[in-house]
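In what follows, a single structure is set out as structure tokens and then discussed.
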Amino acid sequence: MAFASRGFGGRSRGPRDQRLPPGQYDVGSDWPVLTAEVTPAINVDTWSFTIDGLVDQVRTWSWADLRALPESKYEGDIHCVTTWSKLATDFTGVSMDVFLDQVKLGPSAAFVMATSSTGYTTNLPLADVTGGKAWLVWAHEGKALSAAHGGPVRLLVPHLYFWKSAKFISRFTLLDHDEPGFWERNGYHDRGDPWKEQRYQGD
Ligand SMILES: Nc1nc2c(c(=O)[nH]1)N[C@H]1C(S)=C(S)[C@@H](COP(=O)(O)O)O[C@H]1N2
Ligand SMILES: [Mo]
């Protein structure tokens with residue numbers, strides 16, 4: 001019998017996939033939806049993204065402004081704190097560096113609060129959204145990002161747990177201090193590095 005050679009239960013005895021951070025499993029081709037709020041209907045004609053706070057001039061981009069910026073792609077993995085990881089996926093958008101280069105950051109700017117049009121917030125050190133580590137994305141695996149997954153445009157910060165990737169992104173506020181966002185006030189870790197298993201406060 002075929003399964004006899006693989007051991008009981010048919011579970012793979014192969015080495016653990018090196019792309020999986022500790023405590024994570026591979027969801028395969030699925031992409032679970034996790035939203036703590038009602039999914040809003042946002043259309044590209046009214047969507048906008050603003051950077052404010054510790055900047056010389058507040059700046060707002062429309063959908064047309066966004067699409068006129070240089071595109072780039074993230075090809076790699078994403079990790080949700082609820083233990084699923086999605087491996088070898090891809091997103092298309094604009095690097096956060098491109099937006100931040102277009103505003104003059106105040107010298108004391110060190111953190112950002114990302115805010116969604118729904119009111120969802122999540123905090124990030126500036127260093128986690130610069131240097132090619134964060135994007136505003138509108139497409140996943142070549143298709144328009146669905147509303148359930150934060151479309152038309154979401155934040156993507158794939159090196160941190162996925163609650164940092166705010167769906168329906170509308171605003172980045174530059175701060176000189178760290179402030180907890182929605183899940184961070186409700187017990188999640190302040191930074192959320194999956195490789196350090198920073199799931200909850202105190203991890
Ligand atoms: N605006 C908004 N963004 C959000 C959330 C949310 O509830 N609202 N949930 C976060 C959490 S906890 C996760 S795990 C991911 C889930 O994204 P997905 O539903 O596309 O998998 O979105 C994050 N971004
Ligand atoms: Mo999550």
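The values are calculated or read from the model by the stated rules, or taken from the named source; none is laboratory data. Everything quoted here is computed from the prediction, not taken from an experiment. For neighbour counting, all protein chains shown are included, and Cβ atoms are generated from backbone atoms with ideal geometry for every residue, glycine included. Side chains are part of the model used for accessible areas, which takes the heavy atoms of the whole protein and leaves out ligands, DNA and RNA. Shrake-Rupley method; radii C 1.70, N 1.55, O 1.52, S 1.80 Å.
For the stretch 53-107, how many residues meet the condition of being polar (S, T, N, Q) and free of Cβ contacts under 8 Å to residues at least 40 places away in the same chain? I'd like the intermediate steps shown before the answer.
Filtering the stretch 53-107 for residues polar (S, T, N, Q) gives 57, 60, 62, 72, 82-83, 85, 89, 92, 95, 102.
Checking the rest, the ones that are also free of Cβ contacts under 8 Å to residues at least 40 places away in the same chain come to 60, 62.
Selection size over the stretch 53-107: 2.
Would you check which residues across the stretch 160-189 are closer than 19 Å to Pro22 by Cβ and part of a loop (DSSP other than H, G, I, E, B) and list them?
Correct list: Leu160, Tyr161, His189.
Counting just the residues of the stretch 105-128 that are in a loop (DSSP other than H, G, I, E, B) and over 23 Å from Trp47 (Cα atoms), which one comes out farthest from ligand 2 (Cβ to nearest atom)?
Kept after step one, since they are in a loop (DSSP other than H, G, I, E, B), are these residues of the stretch 105-128: 106-110, 117-120.
Among the residues that remain, those that are also over 23 Å from Trp47 (Cα atoms) are: 106-110.
Details: Gly106: 31, Pro107: 34, Ser108: 31, Ala109: 27, Ala110: 25 Å.
Residue satisfying both the conditions and the ranking: Pro107.
For the stretch 137-153, which residues satisfy the criterion of being aliphatic (A, V, I, L, M) and over 13 Å from Lys73 (Cβ atoms)?
From the stretch 137-153, those aliphatic (A, V, I, L, M) are 137, 139, 144-145, 147-148, 153; that's our starting set.
Answer for the stretch 137-153, where residues must be aliphatic (A, V, I, L, M) and over 13 Å from Lys73 (Cβ atoms): Ala144, Leu145, Ala147, Ala148, Val153.
Got a number for residues in the stretch 57-93 being open to solvent by 70 Å² or more (accessible area, probe 1.4 Å), part of a loop (DSSP other than H, G, I, E, B) and modelled with pLDDT of 95 or more?
4
So which of Phe99, Phe111, Phe91 is closer than 26 Å to Glu37 by Cα, among the aromatic types (Phe, Trp, Tyr) and away from ligand 1 (no atom under 16 Å from the Cβ)?
Working: Phe99 fails: closer than 26 Å to Glu37 by Cα; Phe91 fails: away from ligand 1 (no atom under 16 Å from the Cβ).
On inspection, the qualifying residue turns out to be Phe111.
Report whether or not Phe162 is buried (at least 16 other Cβ atoms within 10 Å of the Cβ) and more than 16 Å from ligand 2 (Cβ to nearest atom). Quick ask: steps written out before the conclusion?
Values: buried (at least 16 other Cβ atoms within 10 Å of the Cβ): yes; more than 16 Å from ligand 2 (Cβ to nearest atom): no.
Taking the combined requirement at face value, the residue does not satisfy it.
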